[in-house]
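Computed from the coordinates by the stated procedures, all read-outs in this text should not be read as laboratory data. The structure presented is a predicted model; accordingly, all values stated were derived computationally and were not measured. Note: ideal-geometry Cβ built from the backbone for every residue, glycine included; neighbour counts use all protein chains shown.
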Amino acid sequence: MSLSFKILSLRVLIHYCMLIGGEAVHSYSSCEGCAKFHSNGTNVDEILIDERNNRLIVGAKNLLFRLELTTLQLPSVQNDRVALHPSQEALEACLSLGQGKGNCQNYIKLILFDQQENIFVCGTYATAPKCWKFKRNNSLNPQPDAINGDGISPSSYQGKVTGIFTSSYLFAGISSRRSLIYKTEADLSRSILLTSDSSLKVLQDADFVTSLHHIDNFIYFFFRETAVETRKVVYSRVARICQYDKGGDGRLKNKFTSFVKTRIMCSVPGNIPFDYNEIQAAATYTNPVTKEDYFYGIFTTPQLGVLGSAVCSYSVKSLQELFDNSPYLKETGTKGFDGTSLWVEEVPVNLSVVPGRPKCDAQLDTKRYSWEITKFASDHPLLAVPLMPRPLFKAMRPLFTTAGIRFTQLVVDKAYGDNGQIVPVMFISTDNGTVIKVFNNISGDGNAIVVEQVRLFENPEPISTMKLYKGAVYIGSDSGVTKLPVEHCGEYTSCRICVYALDPYCGWSNNKCTTFDKKRGSGWLQDIVYGNVSRVCPQESPVCSLTSSLDQNGHVNSLICQGDGVPLPKVIRWEKDSKPLPAHSDFRINSGLTSHQGRLDINNFGLKNLGNYHCFVSNEVGSSSCVINLSGSLPVTTYFLAKMRNTSLFLCNASGLPSPRITIYKVTGNTKRVVPARQTTITDDGGQRSYYCVAQNYFGVSFSKPIYINDKPVKAEMKLTNEEWSLELSERTSERYKNLAGQVRTAVQEIYNKSPAFVSVKDISFRRGSVLCQMTINFAAEASKTSHDLLKDLQARVSSGQVGNLKVDATHILSMESVPKPTPATDGTDSDDKGLLAVAVMTAVLLSLILGFMLGIKFYGQVVNRCTLSSRNSDSFDGPKNRTIKGVKYTKSPPRDENFTGIRNASQSKRNLSKQKGESIERNDDSDSNSSTAGKIADESGDNFTRKSNSPFKSLSPSISVDKF
């Protein structure tokens, strides 16, 4: 196993990583059995399962199509896809109302099967709702005639609707300009029959999420609304209406008489309960043994509040009993402290029929209600007793809660076990495109167990709809439709992993992880309560995995060895490079968080700690080992000048592990500036200047040599042979001058378009002599470049007789004058050395003259005095021999960076080590020790550049410190 030190993390070759709460996250890219249909951003809002034809009916923006349930493929473009764009007339009418183009589309909001098994589809149709009926078994084309959809579909794409067909009627709850519940004939042959009362006591800014038609002939609507009994608080509600309600008389004419609603509670109990007030979705679940019906709801906190979500479940039987027995609430004229009316409980008396609790059958005749019954129905739409969650192990609390995440949709499936147990499994979607698979532990306190979290999309997007069918969850979102299998037991390759997964669908049988099959009998092993591998699985040889642990700066500080097997193994020893760990203070062996985990702490991690680390584990069955490779290297810089998009740049790159951080320094005069990038322009600054870069990673620092740049104006002259002289060419305002000067400028620019040294062409003039063209070409070039070097490209074109579109004299000398050559020095070292050498030579000559003069005087005195020179020890004579001046060489370093102190000098360490071994190292301060091509830049436009490479083992460099990465 290999660890790239660039990211300093182990790439474990399994499909899982850890997300919130320690649950496995299963990415879409590795999901076996997943399928996806991309609808090109058509906003899938509604899907419907067609079991008879094995099709998934999908409603999107301006589009309806059918997919195969197994593969999510479109069977036929002609028969299974129909465009439902609004007409040009509807579009123009929508735009004339001030609506944006986005709202003036046809968003499909409702897809149902009607009582005749037609596909009933409704959409916003540019704010003028329309509906269509498609034959279920026929082609979707040609498009059938549209039906007026007012009261059935919202007019805005932000609106919501839920609907149900009974044998004779269509009921729809709509959240649009106003919130209403409608009843109309199932065949839409007549206009709307009934609506809910428009009083705010009935519905106030309601957002419908779903509806339910139960065997008791009542229609149940689930929604959230601004509560009338308190101020500016949203409550979750459930309301019911008898499907045979014909409306009342008087104040309830053409209005429902059976409408009544109550609050749905989903709270964490406590001294001050924490309420999840806003229902977002609901789904039904039937216990296959007891046949009892439940509904599960998703509830969230307010959008602007503390973000949190919860799931609560409710018994439909308890819901029916509440509607049949709860007292009503009546609004009083008294105002509370928050300015809202106070409500009191009231029980209906002396009424022959309680309007919210009729015998709901075909014989019901609500038009014959008395005035007292009708008035009571109008004044009492709200029940006093809220609907509470069903007890979860004697506590009325949510099944599952989480903070910081907003749930959007859910479905509930059932998983079967070998002992007859049936476990409800919830699939919950979020607004960032994740599906959470969770169930409640069937023993203990019923804590929620998250099996996995599936990240469906590369980029987060909300999930708008979900449907469950035959072992798969079908998911609609902005980008299309996704099919997610409810289980992937086959991916668990051992009994140990299979049991650890705690997946209610999965158990171990016949040496593989699989779903429960009644035919297998008792050979299917599972423990979703405790995940006790030793009790369920046969003994297995141990295995292990090694991962690195990083400190807050991203440096390795320990290795974690995780052992697995049956029984769980223990870590018995560590090795580095197949040898026992070195006996020094860098390593310390510690126990891990569990008995089958070990930890190797590494202090002062550096180059000496790179290599292969082995961890050995053992259990009763045997032993095994695992390895991790820690790799790294010092940085190596690569720098060059290049022309990119007509801009002259100094660029720097570097190789090394971990990837080095690069900083460019530009020095102008006595000013040094830091450029925290890999490139900088060289033409934005003026005068003599230099550029160099520093690459730094955890292991050390590398400096590039500085490049010195001077501004060099070079005068040049060409003889144009196809032009005739006229005085117009001496007038810079004349058209002929402008035209010819433009041709010259363009021609020169094209010649130098890949030269990083070229800046501009200025001062173009013409004079007699055929036509002589004089110009100044500005360069920003390295100090070593002469005028001859800079004019080389242009001279080559002149020698060919053609410069751009201009004919020129090929024999004419291009350079007009001798430009003083700068002192060549690529890094300042040679020029300084020569200066010092000159000083040394002059000093030696001067000392020689002085000594010669003194010796001459002394000799003259000896001759005059006719003295014999006494014998002296020549070593004691203070003469020229002892005044020899030793050669001094001075090397100038790049500008010092005050932000760094104390370099981690890899090259110095190398020399010290060599000295200890008695080796000699040849020192060359002016040459590179590495010709790495790291950071090679290939410009697609064919830009020309020069490259220089410098290794980190340069002996002379500014003194800096190594930042911790």
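Descriptive notes on the structure:
- In angstrom, the C-alpha Rg and Dmax of the stretch 190-325 are 16.1, 54.
- Of K261/K367; K133/K291; K61/K201; K109/K133, those spanning more than 25 Å from alpha-carbon to alpha-carbon: K133/K291; K61/K201
- In angstrom, the C-alpha Rg and Dmax of the stretch 103-176 are 11.9, 34.
- Tally of Lys pairs whose C-alpha atoms are under 24 Å apart, taken over the stretch 682-817, 8 or more apart or cross-chain: 26
- Debye log10 I(q)/I(0) at q = 0.12, 0.13 Å⁻¹ for the stretch 37-108, Cα point scatterers: -0.39, -0.44
- Sorted peptide list for 43-49, 639-645, criterion being average Cβ within 10 angstrom, highest first: 43-49, 639-645
- Placing unit charges on the Cβ atoms of the charged side chains and taking the dipole of the stretch 333-378 about its Cα centre, the candidate lying farthest along the positive direction among C360, V347, A377 is C360.
- Magnitude of the charge dipole, the stretch 81-219, Cβ model with Lys/Arg +1 and Asp/Glu -1, debye to 20: 240 debye
- Per residue, the convex hull volume that the Cα atoms of the stretch 635-716 enclose (Å³): 99 Å³
- Listed residue (I111, Q99, S87) projecting farthest to the positive dipole end of the stretch 83-143, Cβ model: I111
- The stretch 246-310 and the stretch 702-752 have Cα centres lying 81 Å from one another.
- Cα Rg, Dmax, the stretch 197-252, angstrom units: 12.9, 36
- Percent of C-alpha pairs per 5 Å bin in the stretch 257-406, short distances first: 2, 8, 14, 16, 16, 15, 13, 9, 5, 2, 0.
- Computed on the stretch 712-771, with alpha-carbon pairs under 8 angstrom and 6+ residues apart, the relative contact order is 51 percent.
- Spatially close lysines, pair count over the stretch 517-610: Cα under 30 Å, gap of eight or more or interchain: 4
- Protection-proxy order for peptides 218-227, 316-325, each taking the mean of Cβ atoms within 10 Å per residue, highest first: 218-227, 316-325
- Calculated translational diffusion coefficient of the stretch 445-602 (4 °C, 1.567 mPa s; Stokes-Einstein with Kirkwood radius over alpha-carbon pairs) equals 67 µm²/s.
- Convex hull volume per residue in cubic angstrom - Cα atoms of the stretch 351-442: 236 Å³
- Across the stretch 554-650, the convex hull enclosing all Cα atoms gives 160 Å³ per residue.
- Charges were assigned to the Cβ only: +1 to each Lys and Arg, -1 to each Asp and Glu. The resulting dipole of the stretch 333-380 about its Cα centre is roughly 180 debye.
- Mean Cβ neighbour count within 10 Å, used as a protection proxy, ranking 367-373, 120-126, 424-430 highest first: 120-126, 424-430, 367-373
- In summary, the convex hull built on the alpha carbon positions of the stretch 702-769 has an orientation-averaged projected area of 6.2 nm².
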